[in-house]
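Below is one structure, written out as structure tokens; the observations come after it.
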Amino acid sequence: MKLMPPEFFQIDALDLAPRLLGKFMRRDNVVLRITEVEAYRPNDSACHGRFGVTPRTAPVFGPGGHAYVYLCYGLHMMLNIVADKEGVGAAVLIRSCSPVSGMETIQERRGLKTDKPVLLNGPGKVGQALGLSTEWSHHPLYSPGGLELLDGGEDVEKVMVGPRVGIDYALPEHVNALWRFAVADTPWISAPKNTLKPL
């Protein structure tokens with residue numbers, strides 16, 4: 001497994017999102033395969049970047065290939081991969097993964113002794129399994145050590161698409177945009193599944 005180079009990330013979030021499917025996130029002994037993502041773009045009423053640069057959103061405006069980790073509802077650490085060039089304000093949310101290695105560590109961090117999809121089928125669960133905090137924001141995912149994005153060597157052939165989840169506050173065109181992508185034929189994706197259709 002090799003690290004993805006910086007230029008891999010520095011494209012439109014909508015192009016990056018499906019390319020992240022099947023790639024691996026690694027931290028310590030934990031390796032997860034990305035199975036579901038959502039794109040967030042500039043001028044997108046659901047994107048954190050819509051507020052401009054603030055202490056919270058500053059990582060989104062960094063160069064593509066860095067992590068943006070934010071706390072949701074005071075509970076969940078949400079891992080995003082910053083996309084595009086510096087200053088653009090775009091990212092891809094990692095919604096679900098499947099476990100590759102480090103199952104004991106994943107279960108310990110999650111506080112859940114299971115090997116079923118409930119272990120990793122949601123963005124907060126992914127953040128917890130990787131042991132992330134907001135201090136991981138700005139971390140370069142293309143540098144060895146810490147948190148890494150790796151190429152698994154296999155492209156995902158069948159992809160599902162649908163509208164993003166939990167963005168009812170956004171404008172209708174953004175609520176309905178098909179910017180959620182998932183690996184087809186895997187149980188390791190989050191709810192709702194019935195809004196996903198083959199690409």
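The values are calculated or read from the model by the stated rules, or taken from the named source; none is laboratory data. Keep in mind it's a predicted model, so treat the numbers as computed, not measured. Positions of Cβ are backbone-derived with ideal geometry, glycine not excepted, and every protein chain shown enters the neighbour counts. To get the accessible areas, we keep the full protein, side chains included, count just its heavy atoms, and leave off ligands, DNA and RNA. Shrake-Rupley method; radii C 1.70, N 1.55, O 1.52, S 1.80 Å.
Which residue is most open to solvent (accessible area, probe 1.4 Å), if the candidates are limited to the stretch 90-119 and must be among the charged types (D, E, K, R) and more than 18 Å from the chain's Cα centre (by Cα)? Once the filter is applied, the top-ranked residue is Lys113.
Of all the criteria given as (1) at negative phi; (2) more than 15 Å from the chain's Cα centre (by Cα), the one not satisfied by Asp185 is (1). Note on the stretch 154-170: among residues that are open to solvent by 30 Å² or more (accessible area, probe 1.4 Å) and either more than 22 Å from Met78 (Cα to Cα) or not in a loop (DSSP other than H, G, I, E, B) (or both), the one that is modelled with the lowest pLDDT is Glu154.
Only one of the listed residues (Leu132, Leu149) is of a type outside the set (Phe, Trp, Tyr), part of a strand (DSSP E or B), in contact (Cβ under 8 Å) with a residue 40 or more places away in the chain and closer than 20 Å to Met25 by Cα. That residue is Leu149. State the number of residues belonging to the stretch 120-150 that are out of contact with any strand residue (DSSP E or B) (no Cβ under 7 Å at 6 or more places or on another chain) and crowded, with 17+ Cβ neighbours inside 10 Å. Qualifying residue count for the region: 1.
Residues of the stretch 5-61 that are among the charged types (D, E, K, R), in contact with a helix residue (DSSP H, G or I) (Cβ under 8 Å, 6 or more places away or on another chain) and either open to solvent by 30 Å² or more (accessible area, probe 1.4 Å) or over 28 Å from Thr105 (Cα atoms) (or both): Arg19, Asp28, Arg41, Asp44, Arg56. Of the residues making up the stretch 172-199, just one is surrounded by 12 or more Cβ atoms within 10 Å (Cβ to Cβ), of a type in the set (D, E, K, R) and either outside any loop (DSSP other than H, G, I, E, B) or in contact with a helix residue (DSSP H, G or I) (Cβ under 9 Å, 6 or more places away or on another chain) (or both), namely Arg180. In the stretch 24-106, counting only strands (runs of 3 or more DSSP E) that sit wholly within it, the ones holding 2 or more residues that are modelled with pLDDT of 95 or more, out of contact with any Phe, Trp or Tyr (no Cβ under 8 Å at 6 or more places or on another chain) and of a type in the set (Lys, Arg) span 24-27.
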